[in-house]
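Engineer: Supplied in structure tokens, the structure appears directly below.
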Amino acid sequence: GDPLGVNVRAVALDGGRVAIEATDVTEAHRVARVRRDFVANVSHELKTPVGALQLLAEALLDATDKDPAAAIRFAERIKHESSRLGRLVSELLELSRLQGAEPLPEPEPVDVDKIMAEVLDRTKTPASAKEIEVSFQGVRGLTVYGNENQLVTAVVNLMENAIAYSPESTRVIVTTSASEDGFVEIAVADQGIGIEPRDLDRIFERFYRADRARSRATGGTGLGLAIVKHISTNHGGWVTVTSTVGVGSTFTLRLPSRPTEAALALPPSVEI
Ligand code: ADP
């Protein structure tokens, strides 16, 4: 944990008396540490691909005359690394927006079928590249309360992971349902590699990846689930996961179907 932080100040009172004023700054220290860690992580995460790009560009220049086949491979890796770097930057911006850098859009009723149509459209290319069959089951005509763009982003992130961490020719099943207590559930189930129990608690942290090498290879940034978590809590909902290694994972978003205090205020969770 964090050390207890106390600021102490002496205040002169009438008659020569002195009062000691102590202010608890533990929370301020924690926020400052989280911010420092975050900046350090971001710098590291940005430096790695930039360094790789420099080396690859040099290798490409070197190989152009001598080994055209190798030059093509270097160019392809430059393409892959630079698109991952681009995604990293846009996800960082997205996360900082979600964390309160910008006012959040006015929440409104959003049609879940519309969200799903958009999600299926945006994920059909990676799904078909791996011959993964995506099916949409469950209740139609549901409504959630919030911001359509953010909700699409959250479900797209879950779908992209389901596809990235699954072998070819498997299935991804999206199920929608309504609970009695006014929540809508959107569950994304895959038949992928699964997640070790020790990683389950941590995968929603920024930059946490169960398998760094695999995440890099799939173009991952380690920010997707942190974004999903922020979107769901900003909406007054939450996200959970169940998983069995070698069998598959199911991520479930629970979102309010009517205005709640949390969704109305859409309070930015200040953490950065
Ligand atoms: P990444 O960009 O690395 O995918 P995320 O924040 O989206 O970052 O996910 C964090 C980590 O959680 C991933 O690196 C991966 O180890 C694990 N993970 C996420 N979704 C799945 C899934 N559907 N199946 C297996 N592992 C997953």
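The values are calculated or read from the model by the stated rules, or taken from the named source; none is laboratory data. None of these values were measured; they are calculated from a predicted model. A quick note on method: Cβ atoms are made from the backbone with ideal geometry, for glycine too, and the neighbour counts reach across all protein chains shown. Accessible surface areas use protein heavy atoms only, side chains included; no ligands, DNA or RNA. Shrake-Rupley method; radii C 1.70, N 1.55, O 1.52, S 1.80 Å.
Engineer: Between ASN149 and LYS130, with labels modelled 7 Å along Cα→Cβ, what's the label distance in nm to one decimal, could you check?
Structural biologist: Each label point is offset 7 Å from its Cα along the Cβ direction, giving 2.8 nm.
Engineer: Now for a different question. One quarter of the convex hull surface, Cα atoms only: what value does that give for the stretch 1-40 in nm²?
Structural biologist: Values: hull surface 13.6 nm².
Reported value for the Cα convex hull: 3.4 nm².
Engineer: Take the Cα coordinates of the stretch 68-219, assign each an equal point scatterer, and use the Debye formula without solvent to give log10 I(q)/I(0) at q = 0.11, 0.16 Å⁻¹.
Structural biologist: For the requested q values the scattering log ratios are -0.53, -1.10.
Engineer: Return the Rg/Rh value of the stretch 1-143, two decimal places, where both radii are evaluated on C-alpha atoms and Rh is the Kirkwood radius. Walk me through the numbers before you get to the answer.
Structural biologist: Numbers: Rg = 26.7 Å, Rh = 21.7 Å.
Reported Rg/Rh (Cα atoms, Kirkwood Rh): 1.23.
Engineer: Something else about it: Roll a 1.4 Å probe over the protein chains and send me the accessible area per residue for the chain in Å². It would help to have the intermediate numbers written out before the result.
Structural biologist: Values: 15040 Å² over 272 residues.
In whole numbers, the chain has 55 Å² accessible per residue.
Engineer: Could you work out the per residue convex hull volume over the alpha carbons of the stretch 33-116, in cubic angstrom? Working shown, then result.
Structural biologist: On the way: hull volume 11.0 nm³, N = 84.
About 131 Å³ per residue, rounded to a whole number.
Engineer: Could you give the angle, 0 to 90 degrees to the nearest 10, between helix 112-129's Cα long axis and the longest principal axis of the Cα atoms of the chain?
Structural biologist: Relative to the chain, helix 112-129 is tipped by roughly 50 degrees.
Engineer: Another question, then. When every alpha-carbon pair in the stretch 136-200 is counted, what percent end up more than 14 Å apart? Mind dumping the intermediate values first?
Structural biologist: Details: 1357 of 2080 pairs.
The proportion of pairs with Cα distances above 14 Å equals 65 percent.
Engineer: Using Cα-Cα distances under 8 Å and only pairs 6 or more residues apart, what relative contact order does the stretch 46-170 have, in percent? Walk me through the intermediate numbers first.
Structural biologist: On the way: 91 pairs, mean separation 29.5, N = 125.
Computed value for the stretch 46-170: 24 percent relative contact order.
Engineer: Of all accessible surface on the chain at a 1.4 Å probe, what whole percent is carbon and sulfur?
Structural biologist: Working: 8190 of 15040 Å².
It is 54 percent, rounded to a whole number.
Engineer: Springs between alpha-carbon pairs under 10 angstrom, Gaussian network model over the chain: which of ALA69, ALA22, ALA213 fluctuates most?
Structural biologist: Checking each option, the largest mean-square fluctuation is seen for ALA22.
Engineer: Ok, one more. Which value, in Å³ per residue, describes the convex hull spanned by the Cα atoms of the stretch 169-238?
Structural biologist: Details: hull volume 8.1 nm³, N = 70.
It comes to 115 Å³ per residue, whole-number rounded.
Engineer: Cα-Cα pairs above 24 Å in the chain: how many percent?
Structural biologist: Values: 21747 of 36856 pairs.
Result for the distance tail: 59 percent.
Engineer: GNM on the chain, C-alpha springs below 10 Å: top fluctuator among LEU61, LEU46, LEU13?
Structural biologist: LEU13
Engineer: State, as an integer percentage, the relative contact order of the chain based on alpha-carbon contacts under 8 Å between residues 6 or more apart. Write out the running numbers ahead of the final one.
Structural biologist: Values: 432 pairs, mean separation 49.1, N = 272.
So the answer I get is 18 percent.
Engineer: OK, next. Dipole of the chain, Cα-centred, from +1 at each Lys and Arg C-beta and -1 at each Asp and Glu C-beta, to the nearest 20 debye?
Structural biologist: On the way: 30 positive and 38 negative charges, 122 e Å.
In debye, rounded to 20, the chain gives about 580.
Engineer: Now for a different question. Below 8 Å, C-alpha to C-alpha, sequence gap of six or more: please give me the relative contact order for the stretch 130-256 in percent. Mind showing how you got there, number by number?
Structural biologist: Numbers: 239 pairs, mean separation 37.0, N = 127.
It rounds to 29 percent for the stretch 130-256.
Engineer: Can you order the peptides 84-94, 180-190 by their average number of other Cβ atoms within 10 Å per residue, highest first?
Structural biologist: Working: 84-94: 16.1, 180-190: 18.1.
Peptide ranking by packing, descending: 180-190, 84-94.
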